[in-house]
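Report on the structure given below.
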Amino acid sequence: MNEREQVIKALQPALTDLSMNEIADKIERPKDSNNGDYAFPTFFLAKTLHKAPQIIAQELLAKIDQTGFEKVVVAGPYINFFLDKQVVGENILKTILADPENYGSQDLGHLANVAIDLSSPNIAKPMGMGHLRSTVIGNAIANILAKVGYNPIRINHLGDWGTQFGKLMAAYEMWGNEEEVQQDPINTLQKYYVKINTEADTHPEYNDLGREWFKNLENGDPEAYRLWKWFRAESLKRFMKIYRLLDIDFDSYNGEAFYNDKMAEIDQLLQDKHLLQESKGAQIVDLEKYNLNPALIKKSDGSSLYITRDLSAALFRKRMYGFAQALYVVGAEQRNHFDQLKAVFSEMGFTWSKQIHYIPFGLMSLNGKKMSTRKGNIVQLEDVLNDSIKLARQQIAEKNPELQNADEVARQVGVGAVIFHDLKNERTNSIDFKLADVVKFEGETGPYVQYAHARAESILRKAGTPDFAQAESLALSGDEAWGILTRLGQYGEVIERAANEYDPSLVGKYALALAKDFNQYYAHTRILVDDDEKMARLALVKAVSEVLKSSLALLGVKAPDEM
Ligand code: ARG
């Protein structure tokens with residue numbers, strides 16, 4: 001039972017006409033702690049009871065079950081609840097220690113499927129920082145949704161189809177060298193792609209050539225298909241290396257190409273519903289009534305577009321997974337595309353288009369510089385991760401030269417630092433990335449949180465890994481631990497909000513705050529001193545360790561026991 005539930009339970013005997021949810025909706029948290037930990041206003045009852053709220057508050061007070069509270073008092077129209085800190089604190093610790101892994105878990109989703117479109121890098125290009133954001137934000141949202149009882153399905157909608165492949169093939173045919181590609185596939189292909197884009201400024205015919213190649217690909221031309229397969233396989237190999245570093249798995253790698261033979265159905269559906277119009281030889285859906293520019297469904301040469309493939313993909317996912325929600329974790333610059341996608345479905349009369357949620361995020365810059373792939377100015381994610389691991393390794397060598405599995409820990413710290421830096425920020429903020437700031441052990445960083453966890457674990461080791469089931473009491477007197485205890489008690493609420501708002505940063509900020517609470521406590525309290533409350537203090541340390549580890553896990557960050 002959490003604290004809010006305790007307040008509801010206390011009120012129930014006094015409010016037998018109201019359901020638990022109705023009571024819960026009215027409970028407030030006073031801004032000023034002099035007014036208690038929770039408050040219940042009585043204004044809303046005045047009309048039905050024909051009495052002044054002040055009187056109602058007095059009458060309810062007599063019927064309230066006050067066990068577990070330090071006091072319950074009436075202040076004007078409010079009933080103020082002051083929690084009994086010892087009882088509440090002990091309850092929180094017992095709840096966490098009884099089942100640490102499931103602490104904070106809820107069943108809001110009843111195992112409904114949620115299709116999450118994430119990562120989705122483009123073949124034949126290095127994975128950049130934008131795709132890192134999509135990958136880690138999407139993965140964290142999936143973890144958080146699983147924690148509240150949904151069944152997330154991670155879908156990597158690989159960018160493996162489209163005019164840009166035509167361009168790449170055209171470039172390869174003109175300047176390509178098989179050996180060179182074999183040696184360093186992604187960078188070489190990227191080089192050709194940048195070259196054709198740059199030269200197309202003065203040679204517009206290269207753009208036509210690209211379109212032609214793509215059209216060949218869509219029509220099943222064997223040479224185009226051979227190149228496509230080869231480029232895709234090489235790219236995937238590289239991407240998998242990054243996913244392994246991040247320790248992220250996908251349920252599906254069906255990319256855009258997967259829908260090549262499925263788009264005819266979309267075309268047919270749109271025709272049947274008389275939604276297609278011709279415009280300069282191309283097929284469009286007019287979206288003026290949504291205040292959007294028309295959606296281009298088919299080019300004049302008959303080839304498909306990004307949105308055509310997304311229409312087909314969403315329909316496929318609806319059938320395959322019967323999703324309750326379909327999320328798209330994609331950069332803020334694609335808002336118009338997803339507005340159009342939803343609008344076309346709504347024109348088609350698919351009411352489930354309301355279950356589609358676009359989850360945008362801001363740009364990531366590196367040391368203040370913007371990054372773009374078309375002109376080749378890109379920072380490679382793999383380099384960033386490897387640099388971060390190297391830096392973490394150096395720091396560990398300085399701080400803890402004896403550490404046994406230092407390389408593995410450096411990996412967890414280096415990768416965790418990059419992920420955490422992304423996720424502590426609100427999704428829609430643009431963020432800048434400076435490696436030295438990200439891997440610091442102090443400040444608002446992943447390593448800071450990991451370090452607090454490792455410190456807690458080291459205290460527990462020193463105490464001989466106590467068995468709390470044997471302890472008589474886990475009650476803590478005094479106020480030092482109260483801040484940590486209330487924070488621990490809020491974990492479930494934080495997760496619920498993060499799930500509802502698709503915002504992992506709430507969990508990131510929570511982990512930082514808990515780590516800070518704990519470090520302060522540690523600085524002022526002698527935890528291992530032998531007295532009546534030693535077991536309770538160690539239980540607190542254990543609970544902090546478990547909740548830090550759990551919140552980091554939701555973000556996709558590991559928590560080493562030593563670092
Ligand atoms: N490959 C695209 C890009 O890098 C992102 C794909 C996002 N997902 C989607 N279903 N459109 O810009």
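Which pairs do you get when a residue that is farther than 17 Å from E265 by Cβ and without any contact (Cβ under 8 Å) to a residue 24 or more places away in the chain, found in region 294-313, comes within reach of a residue that is within 10 Å of the ligand (Cβ to nearest atom) and not small (G, A, S), reach meaning Cβ atoms under 9 angstrom, with the pair 6+ apart or on two chains?
Listed pairs, sorted by first residue: L296/I307.
If a residue must be assigned to a helix (DSSP H, G or I), of a type in the set (G, A, S) and either in contact with a strand residue (DSSP E or B) (Cβ under 6 Å, 6 or more places away or on another chain) or within 20 Å of L363 (Cβ to Cβ) (or both), how many such residues does region 313-335 contain? Before you say what the answer is, go through the steps one by one.
Here is the first cut: in region 313-335, the ones assigned to a helix (DSSP H, G or I) are 313-321, 332-335.
Next cut, of a type in the set (G, A, S) only: 313-314, 332.
If we keep only those that are either in contact with a strand residue (DSSP E or B) (Cβ under 6 Å, 6 or more places away or on another chain) or within 20 Å of L363 (Cβ to Cβ) (or both) as well, we get 332.
Number satisfying all stated conditions: 1.
Determine which single condition Y103 fails, assuming it passes every other condition in (1) of a type in the set (F, W, Y); (2) within 16 Å of the ligand (Cβ to nearest atom); (3) not assigned by TED's automatic domain parsing to the domain that holds R226.
(2)
Among the numbered conditions (1) touching an Asp or Glu at 6+ places or on another chain (Cβ under 7 Å); (2) among the small types (G, A, S); (3) within 30 Å of D184 (Cβ to Cβ), tell me where G68 comes up short.
Evaluating G68 over (1) touching an Asp or Glu at 6+ places or on another chain (Cβ under 7 Å); (2) among the small types (G, A, S); (3) within 30 Å of D184 (Cβ to Cβ) leaves (3) as the failure.
Any residue in region 121-145 that's assigned to a helix (DSSP H, G or I): show its pairings with residues that are of a type in the set (D, E) and buried (at least 24 other Cβ atoms within 10 Å of the Cβ) at Cβ separation under 8 Å, as long as the two are six or more apart or on different chains.
L132/D422; R133/D422; V136/D422; I137/D422; G138/D117
For a quick check of your reading: which helices (runs of 4 or more DSSP H) sit entirely within region 183-247 and have at least 2 residues that are closer than 29 Å to L385 by Cβ?
On the way: elements: 185-199, 205-218, 222-246.
Result: 185-199, 222-246.
Determine whether region 241-253 contains at least one residue that is in contact (Cβ under 8 Å) with a residue 24 or more places away in the chain, within 28 Å of N336 (Cα to Cα), within 16 Å of the ligand (Cβ to nearest atom) and touching a helix residue (DSSP H, G or I) at 6+ places or on another chain (Cβ under 7 Å).
no
If I go through region 127-143 residue by residue, how many of them are crowded, with 23+ Cβ neighbours inside 10 Å and more than 13 Å from the ligand (Cβ to nearest atom)?
5
Going by what's in this entry, would V344 be described as crowded, with 19+ Cβ neighbours inside 10 Å and within 16 Å of the ligand (Cβ to nearest atom)?
Values: crowded, with 19+ Cβ neighbours inside 10 Å: yes; within 16 Å of the ligand (Cβ to nearest atom): yes.
For V344, the condition - crowded, with 19+ Cβ neighbours inside 10 Å and within 16 Å of the ligand (Cβ to nearest atom) - is met.
Output the residues belonging to region 39-63 that are at pLDDT below 95 and within 16 Å of R4 (Cβ to Cβ).
Result: no residue meets the conditions.
Conditions: (1) buried (at least 22 other Cβ atoms within 10 Å of the Cβ); (2) closer than 13 Å to G508 by Cβ; (3) β-branched (V, I, T). V439 meets all but one. Number of the miss?
Unmet condition: (2).
Every residue in region 447-466 that is outside any loop (DSSP other than H, G, I, E, B), surrounded by fewer than 19 Cβ atoms within 10 Å (Cβ to Cβ) and of a type in the set (A, V, I, L, M, F, W, C), please.
Passing the criteria: I459, L460.
Can you find even one residue in region 301-316 that is surrounded by fewer than 17 Cβ atoms within 10 Å (Cβ to Cβ), farther than 27 Å from G138 by Cα and modelled with pLDDT under 95?
yes
Report whether or not Q58 is away from the ligand (no atom under 16 Å from the Cβ), surrounded by fewer than 18 Cβ atoms within 10 Å (Cβ to Cβ) and under 30 Å from A539 (Cα atoms). Explain how you work it out, then say what you get.
On the way: away from the ligand (no atom under 16 Å from the Cβ): yes; surrounded by fewer than 18 Cβ atoms within 10 Å (Cβ to Cβ): yes; under 30 Å from A539 (Cα atoms): no.
For Q58, the condition - away from the ligand (no atom under 16 Å from the Cβ), surrounded by fewer than 18 Cβ atoms within 10 Å (Cβ to Cβ) and under 30 Å from A539 (Cα atoms) - is not met.
Looking at (1) in contact (Cβ under 8 Å) with a residue 60 or more places away in the chain; (2) within 13 Å of the ligand (Cβ to nearest atom); (3) crowded, with 18+ Cβ neighbours inside 10 Å, which one does Q325 not meet, given that it meets all the others?
(2)
Could you list, in sequence order, the residues of region 116-126 that are closer than 22 Å to V557 by Cα and crowded, with 24+ Cβ neighbours inside 10 Å? Don't jump to the end; show me each part of the working.
Taking region 116-126 as the starting set, the residues that turn out to be closer than 22 Å to V557 by Cα are 116-121.
Answer for region 116-126, where residues must be closer than 22 Å to V557 by Cα and crowded, with 24+ Cβ neighbours inside 10 Å: I116, D117, L118, S119, P121.
Only one of G166, G149 is at pLDDT below 95, among the small types (G, A, S) and outside the structural domain of Y502 (by TED's automatic domain parsing); which? So that I can check it myself, show each step before the final result.
Details: G149 fails: at pLDDT below 95.
From the options G166, G149, the qualifying one is G166.
Scan region 363-381 and give yes if some residue there is touching a helix residue (DSSP H, G or I) at 6+ places or on another chain (Cβ under 6 Å), modelled with pLDDT under 95, closer than 21 Å to L245 by Cβ and among the charged types (D, E, K, R), otherwise no.
Scanning region 363-381 turns up no residue that is touching a helix residue (DSSP H, G or I) at 6+ places or on another chain (Cβ under 6 Å), modelled with pLDDT under 95, closer than 21 Å to L245 by Cβ and among the charged types (D, E, K, R).
Mind checking whether some residue in region 467-484 is surrounded by 19 or more Cβ atoms within 10 Å (Cβ to Cβ) and part of a helix (DSSP H, G or I)?
For region 467-484, residues surrounded by 19 or more Cβ atoms within 10 Å (Cβ to Cβ) and part of a helix (DSSP H, G or I): present.
Restricting to region 267-318, give me the number of residues that are out of contact with any Lys or Arg (no Cβ under 7 Å at 6 or more places or on another chain), more than 14 Å from the ligand (Cβ to nearest atom) and of a type in the set (A, V, I, L, M).
10
Need the failing condition index for G349 against (1) farther than 27 Å from D267 by Cα; (2) modelled with pLDDT of 95 or more; (3) among the small types (G, A, S), just the number.
Only one criterion is unmet by G349, namely (1).
Only one of (1) within 21 Å of L514 (Cβ to Cβ); (2) crowded, with 16+ Cβ neighbours inside 10 Å is not met by I389, so which one is it?
Single failed check for I389: (1).
With respect to Y78, is the statement that it is more than 16 Å from the ligand (Cβ to nearest atom), surrounded by 15 or more Cβ atoms within 10 Å (Cβ to Cβ) and in contact (Cβ under 8 Å) with a residue 60 or more places away in the chain true? Even if it seems obvious, please write down each step before you answer.
Numbers: more than 16 Å from the ligand (Cβ to nearest atom): yes; surrounded by 15 or more Cβ atoms within 10 Å (Cβ to Cβ): yes; in contact (Cβ under 8 Å) with a residue 60 or more places away in the chain: no.
No.
Would you mind finding the one in A553, A543, A511, A498 that is under 25 Å from I389 (Cα atoms) and buried (at least 24 other Cβ atoms within 10 Å of the Cβ)?
So the residue among A553, A543, A511, A498 that is under 25 Å from I389 (Cα atoms) and buried (at least 24 other Cβ atoms within 10 Å of the Cβ) is A511.
From the list A146, A115, which one is of a type outside the set (S, T, N, Q) and more than 15 Å from the ligand (Cβ to nearest atom)? So that I can check it myself, show each step before the final result.
Numbers: A115 fails: more than 15 Å from the ligand (Cβ to nearest atom).
None of the others qualify; the one that does is A146.
The values are calculated or read from the model by the stated rules, or taken from the named source; none is laboratory data. Owing to the predicted nature of the structure, the values given are computational and were not obtained by experimental measurement. Please note: Cβ atoms are built from the backbone with ideal geometry, for glycine as well, and neighbour counts cover all protein chains shown.
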